[in-house]
Number of protein chains: 2
Amino acid sequence: MPLICQAGAPQRTAEPGALHKLRATPKTVHWGYFDAALSPALKVKSGDLVQAEAVTHHAGDAPDLMMDEGVTAIFEGVPESDRNPGVHIMTGPIWIEDAAPGDMLEVRYLAMTPRNPYGSNLAANWGYLYKEFGEKERVTIYQLDAAANTAHALYAYDFPGVYLTPGTITHCPVCDRQPALKGVRVPARPHLGTAGVAPDVLGRVSTIPPGVHGGNIDNWRIGAGAVMYYPVQVAGALFSIGDPHVSQGDGELSGTAIESSLNCLFQVIVRKDFSFPSPLLETPNWWIVHGFDEDLNVAMRAASLDMLDLLTEHRGLSRNDAYSLMSVAADFGVTQVVDGRQGVHVRIPRTIFGHEGE
Amino acid sequence: MPLICQAGAPQRTAEPGALHKLRATPKTVHWGYFDAALSPALKVKSGDLVQAEAVTHHAGDAPDLMMDEGVTAIFEGVPESDRNPGVHIMTGPIWIEDAAPGDMLEVRYLAMTPRNPYGSNLAANWGYLYKEFGEKERVTIYQLDAAANTAHALYAYDFPGVYLTPGTITHCPVCDRQPALKGVRVPARPHLGTAGVAPDVLGRVSTIPPGVHGGNIDNWRIGAGAVMYYPVQVAGALFSIGDPHVSQGDGELSGTAIESSLNCLFQVIVRKDFSFPSPLLETPNWWIVHGFDEDLNVAMRAASLDMLDLLTEHRGLSRNDAYSLMSVAADFGVTQVVDGRQGVHVRIPRTIFGHEGE
């Protein structure tokens, strides 16, 4: 019985191998897509550490605050015509030696550090309440307070026109900056909105819909201290990171989080001792399973069935026991609600297991 | 601007008035329904404390463990023909002096103590994965460990036939008792699955679908330390409690929680200084708003709009600010997923407000 987190797999205790650094540059990013045909930006071995830059595609919402020289180089170096069919700037791909289809890629996220203390939330045309807000888009710029681990709004402005081009740069005159959210401080939850392995598909795959490969899962729990398990689709896995957020609620209601560039330290480990049908998340307190669909009802069912799979195949529970346990101890949450991509996740506490000896 | 939790309403600091005790007996319960025409089981004043018994309608799943003399009296004293159209044993109603339609009934839940250390989870015919489990129903009996604040399975059995009659008593021979969930301990979350005021409707209203009046909300956060605000529908409010649970996950997947009788201490306060369109929950850390519908998508939208109402009408945020805040800091969860009644709730942390002076 392969227990994901307790198996005798030697990788679990393997010390880190080499440390690699991966800057985000026009040559090491792919904007808006995964593609199994991409040449690796970096080649590593299982167990290696990677320090990589994840750059937000919303840096242009406050260019004076969020665009340094390196970010500007990406926005200038990747033409608009090459940013599709999705929207996210992805750093990578990283080729991991020995990773093969059928394996799981374990990614231990160790640190996520803001590149600058600013982030942007867009009430977007793809947001949940776009119609209720008169089809108006609005940007709220947040500042991070590292000491308090919170974010607070600096200013806001109505976006002129419709936000259609990824990486739009908006020079908002100081006179257009309206005060916002006075007295409110939001807990910081730095995480990656989008990360994953290359799908086994010919050509570009949009970064927008999440799927088996990972992608735009938008679960704020994918931060430092969390471990993700991605089902490897192609040789070398071709793992990429992007869409960094400094905070987000379950649901990501307006269509975006506090979008903010992050520098990320993580360890990649090839796992050949188990498989799982969808991206699996382990945090210090929870195991978390995801379901995705255009319909929230269908996403909910997918998440429930994959949690059943986790509890039976990987925790050794009978189906009957697993069903009862899910009803009394598993918490279902709405990860995102955007037309065409709804996400549901389900969390089961890790501490409920392992009491056999009592 | 009426701030629900910070208004200068004198009730907020009112010390408790009288303490009333309300035992659950055939004469003080109504099984399966709310009814505005019911005579009060108890009359109290705003600010009074009530110590009341909430009895689970699933006590018959383990009669030797969960049915004492008082519970047996209810099961024997309320004929099956009088248990409809819902299923829950409701204690009350409690008439609160001066409560009138348009007011909010604030109920501060202070203590919830198990009546006995046992509970039942039924994988029910109305459960989410009923078809996936071959249309079989199964009971898992849990034992509570008060010292550890956990529950663990004692035994399980397949339910013979279809569980259709509320209060079915099943004498499961010892030889039919199968071991279950070895080594698993579930965190205890004692709470009321169903509680609320009488709807302003002629005749019986089923306890099953939640609504503006409260009812079967099935949010496990409605436990000791939580405060609920119910929109009063009829004179005197006619508040009742029932459907006690000792633990449940968000989603209540199998159709039931760990159903277990609880003795509840709570304070009732009539609030005339604000109104809210749906049952509102305040915990030490969160404000929580609920949405209900047959379709999870519609419940989600209802919850999001009522949270927008909370943040604008009761916290004084602009609509633009509230929308951004919901996207970056509000967590949406699935409260229940039963055919015909889906529930979504959304939580916003209380600590994000009140930083004006910094």
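Please treat every number below as a calculation from the coordinates, not as lab data. The structure displayed is predicted, hence computed values, not measured ones. So basically every Cβ, Gly included, is an ideal-geometry build from the backbone, and we count neighbours across all protein chains shown.
Observations, loosely collected:
- Annotation for A:Ala111 and B:Glu135: the two label points, set 7 Å from Cα along the Cα-Cβ direction, are 5.9 nm apart.
- Taking B:Leu238, B:Leu311, B:Leu325 as the candidate residues, the one with maximal mean-square fluctuation in a Gaussian network model of chain B, Cα springs under 10 Å, is B:Leu325.
- Partner chain coverage, peptide A:130-140 - average Cβ within 10 angstrom: 2
- Long-range amide H partners of A:Ala226 with built H, under 5 Å: A:Tyr109
- Point-charge dipole on Cβ atoms (K/R +1, D/E -1) for region B:161-281, about Cα centre, debye to 20: 240 debye
- Violating pairs (Cα-Cα greater than 19 angstrom) within the set A:Lys21/A:Lys45; A:Lys21/A:Lys43; B:Lys131/B:Lys182: B:Lys131/B:Lys182
- Cα centroid separation, region A:260-297 to region A:56-127 (Å): 18 Å
- Number of partner chain Cβ atoms within 10 Å, mean per residue of A:77-83: 0
- Calculated mean residue ellipticity, 222 nm, chain B: -3000 deg cm²/dmol, from DSSP H runs (n ≥ 4) at -39500 (n - 2.57) each, averaged per residue and rounded to 500.
- Three-way shape label, region A:105-208, alpha-carbon gyration tensor, a/c 1.5: oblate
- Of all the options A:Pro173, A:Pro16, A:Pro63, the one that moves most in a Gaussian network model of chain A with Cα springs shorter than 10 angstrom is A:Pro173.
- Close amide-amide hydrogen proximity is noted between A:His57 and A:Ile89, A:Asp243, each under 5 Å apart and 5 or more residues distant or on a separate chain (H modeled in the peptide plane; Pro and chain starts excluded).
- Taking 17 Å as the straight-line reach from the Cα of A:Lys272, the aspartates and glutamates in range (excluding those fewer than 8 positions away in the same chain) are A:Asp48, A:Glu97, A:Asp98, A:Asp103, A:Glu106, A:Glu313.
- Under a model in which nothing but the beta-carbon of Lys, Arg (+1) and Asp, Glu (-1) is charged, the protein assembly as shown shows a dipole of about 900 debye around its Cα centre.
- Bridgeable aspartates and glutamates around B:Lys27 (alpha carbons under 20 Å apart, same-chain partners fewer than 8 residues away excluded): B:Asp35, B:Glu53, B:Asp68, B:Glu69, B:Glu76, B:Glu80, B:Asp82, B:Asp243.
- Taking amide H as placed 1.01 Å from N in the peptide plane, the amide H of B:Thr150 sits under 5 Å from that of B:Asp145, B:Ala188, each at least 5 places away or on another chain.
- Across chain A, the relative contact order, built from alpha-carbon pairs under 8 Å that are at least six residues apart, equals 23 percent.
- For region A:38-125, the relative contact order is 50 percent, taking Cα pairs closer than 8 Å that sit 6 or more residues apart in sequence and dividing their mean separation by the residue count.
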